[in-house]
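Below is one structure; the comments refer to it alone.
The values are calculated or read from the model by the stated rules, or taken from the named source; none is laboratory data. Given the structure is predicted, the values throughout are model-derived calculations rather than measurements. Cβ coordinates were reconstructed from backbone atoms using ideal geometry, including for glycine residues, and neighbour counts include every protein chain displayed.
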Amino acid sequence: MTNEPSPPAAPPAALPAAPPAALPAVLPGTARALEHLLARAQAEHRLPSVVAGLVRGGRLVWTGAAGTAVTDPAGEHLPDAAGTQYRIGSITKTFVAAGVMRCVEDGLSALDEPLRAHLPELVGAGAGALTVGQVLGQASGLQAETDGPWWERTPGGDWRELLPLLGPSALRHRAGSRFHYSNVGYAVLGELLGRLRGARWDEVVAEQFLRPLGMARTTTRPQQPAARGFAVHPWADVLLPEPEHDAGAMAPAGQLWSTVADLARWAGVVADGAGVLQPATVEAMRRPQAVDDARGAAWSTGYGLGLQLWNAAGARAAGHSGSMPGFVAMLRVDVGTGDAVLALTNSTTGFGELPVRLLAALAEAEPAAPRPWRPAPVDADALELVGPWYWGPAPLVLRARGDGSLELSGLAGRARSSRFVRDGAAGTWRGLDEYYAGELLRVVRSADGAVSHLDLASFRLTRTPYDPGADVPGGVDPTGWRP
């Protein structure tokens, strides 16, 4: 985890126009099914109010609302499904993480850099030796919560008050050894982000993300219309108002308020960067840093660099849940299709599996159309490399991708695979993922300039199995293949 490569520094792409607040694109039958799921969840989970939305193709294609106890128990009107603010809790962490990753893009920090490099007051403290990447990936071992009063229900102090909690006793596990969710860690990252940019963390988030994306309804404190948080009595149909406050130094862990319409724009960042993060950065954020394997089963939940990850039989999703007293929120993006679900409620105990069911209902009723195939230019030296290759007797194939990269995969069952991008010198490519991540693939040419073989991390890939003319290490038996 400490050796996670930093994304290359480059300015973000030009910003796209903000999508409209709503685009009623689902079919009437689909809308009725979604509204039924929402109404059933509101009734079964006894939610004061709940709003939800679905995103497809970067557009908010459906919104819905159920329940009328938005600001008081006797409420009589449904909330504005797209525009009512709810507290989003730990979804805040995705904004802080994106800000830190922008700092990495800009060369202001690195994922394998210790926190004390930018927060010198942590020198000698337990947290100081932790790397930026470890804290982003919830693998730092830092304690989950503060030592003082329940921070989610009491006003927070400043950084100076949090600092004494970051000594050796704050380390609950060896860094990098396991997944351990830490709200305290994101308080530290908020301070780091502010220190790197010379402004408060929320000012940085507003400047780099909220304003460019048109997220005017995402704020650190509620702005009307906004829901009030309630606790629902477990054995009676009565409500108890929950407190709302400024969490101070802990605010980066869960302070923000937002709306379905605004979070629809943020879902685009989780999907592809939306012009405010490089696609390579988003891909790095979605790469598992730690998985929750406490029960010993195949991993189903994990954490990337600031994003929660879900794995359902190989189908990946990324985003974040959020929970603060009086509120539960979810932002979840299907990595394969880009479809996203947003759900917000003003109940401490939340809405269960509602977001997953909404996303599944959309996929079942209106499957996402595959991206159309289009021809793409391929450089002559890359085109020269495509086609079958052999690692010893094992058949592989190298394909050119539309983004300029090469993809190596097996032709007969499981094989060591990777994507490769150019790496400076002509004829040199660097692995992006899987077994050969970070390793070099070099094109070796014969005296006449033709490609002789590929050198991949010392392995020889040849055009025929164990090609005797390709300098195979250990040589090739001169009698050749025989029965």
Worksheet item: Can we say TRP150 is free of Cβ contacts under 8 Å to residues at least 12 places away in the same chain and under 29 Å from THR259 (Cα atoms)?
Response: yes
Practice prompt. Return the total of residues in the range 263-273 being out of contact with any strand residue (DSSP E or B) (no Cβ under 9 Å at 6 or more places or on another chain) and either of a type outside the set (Gly, Ala, Ser) or buried (at least 24 other Cβ atoms within 10 Å of the Cβ) (or both).
Written response: 1
Practice prompt. Taking GLY392 as meeting all but one of (1) surrounded by 14 or more Cβ atoms within 10 Å (Cβ to Cβ); (2) of a type outside the set (D, E, K, R); (3) under 15 Å from LEU461 (Cα atoms), write down the number of the exception.
Written response: (1)
Worksheet item: Among the residues of the range 345-364, is any in contact with a helix residue (DSSP H, G or I) (Cβ under 9 Å, 6 or more places away or on another chain), under 30 Å from THR63 (Cα atoms) and in a strand (DSSP E or B)?
Response: yes
Worksheet, complete the sentence: From the option list ALA69, ALA31, single residue qualifying as buried (at least 19 other Cβ atoms within 10 Å of the Cβ) and modelled with pLDDT of 95 or more is ALA69
Worksheet, complete the sentence: TRP235 passes all but one of the listed conditions (1) over 26 Å from ARG56 (Cα atoms); (2) without any contact (Cβ under 8 Å) to a residue 12 or more places away in the chain; (3) in contact with a strand residue (DSSP E or B) (Cβ under 7 Å, 6 or more places away or on another chain); the exception is number (3)
Fill in: Residue, farthest from MET324 (Cα to Cα), within the range 92-149, restricted to residues that are among the acidic types (Asp, Glu) and under 20 Å from the mean Cα position of the chain (by Cα)
ASP106
Item to complete: Evaluate the range 449-467: report whether one residue or more is more than 20 Å from ALA280 (Cβ to Cβ), at pLDDT below 90 and either more than 30 Å from the chain's Cα centre (by Cα) or of a type in the set (Phe, Trp, Tyr) (or both).
Response: no
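When you look at VAL378, is it of a type in the set (A, V, I, L, M), out of contact with any Leu (no Cβ under 8 Å at 6 or more places or on another chain) and surrounded by 10 or more Cβ atoms within 10 Å (Cβ to Cβ), yes or no?
Considered against the rule, which asks whether it is of a type in the set (A, V, I, L, M), out of contact with any Leu (no Cβ under 8 Å at 6 or more places or on another chain) and surrounded by 10 or more Cβ atoms within 10 Å (Cβ to Cβ), VAL378 comes out as yes.
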Worksheet item: Any chance the range 344-357 includes a residue that's closer than 15 Å to ALA65 by Cα, surrounded by 15 or more Cβ atoms within 10 Å (Cβ to Cβ), under 20 Å from the mean Cα position of the chain (by Cα) and not polar (S, T, N, Q)?
Response: yes
Worksheet item: Within the range 213-261, can you find the residues that are more than 27 Å from HIS45 (Cβ to Cβ) and of a type in the set (S, T, N, Q)?
Response: THR220
Worksheet entry | Matching residues in the range 208-263 - criterion: being of a type in the set (S, T, N, Q) and more than 28 Å from the chain's Cα centre (by Cα) | GLN224
Discussion item. Please count how many residues of the range 253-267 are farther than 16 Å from THR219 by Cβ and touching a helix residue (DSSP H, G or I) at 6+ places or on another chain (Cβ under 8 Å).
Written reply: 1
Worksheet item: Just to be sure, is ASP423 at pLDDT 90 or above, surrounded by fewer than 10 Cβ atoms within 10 Å (Cβ to Cβ) and not assigned by TED's automatic domain parsing to the domain that holds GLY29?
Response: no
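Can you pull out the residues in the range 426-448 that are among the acidic types (Asp, Glu) and modelled with pLDDT under 90?
Hits for the range 426-448 are ASP433, GLU434.
Residue-by-condition table, conditions (1) at pLDDT 95 or above; (2) over 16 Å from PRO288 (Cα atoms); (3) aromatic (Phe, Trp, Tyr):
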| site | (1), (2), (3) |
| --- | --- |
| LEU78 | yes, yes, no |
| ALA81 | yes, yes, no |
| GLY89 | yes, yes, no |
| ARG102 | yes, yes, no |
| ASP106 | yes, yes, no |
| ALA110 | yes, yes, no |
| ALA127 | no, yes, no |
| GLN134 | no, no, no |
| SER140 | no, no, no |
Practice prompt. Name every residue in the range 328-343 that is touching an Asp or Glu at 6+ places or on another chain (Cβ under 8 Å) and either free of Cβ contacts under 8 Å to residues at least 24 places away in the same chain or crowded, with 24+ Cβ neighbours inside 10 Å (or both), in order of residue number.
Written response: VAL333, ALA340
Worksheet item: Are any residues in the range 365-382 assigned to a loop (DSSP other than H, G, I, E, B) and either out of contact with any helix residue (DSSP H, G or I) (no Cβ under 9 Å at 6 or more places or on another chain) or within 28 Å of LYS93 (Cα to Cα) (or both), and if so, which ones?
Response: PRO367, ALA369, PRO370, ARG371, PRO372, TRP373, ARG374, PRO375, ALA376, PRO377, VAL378, ASP379
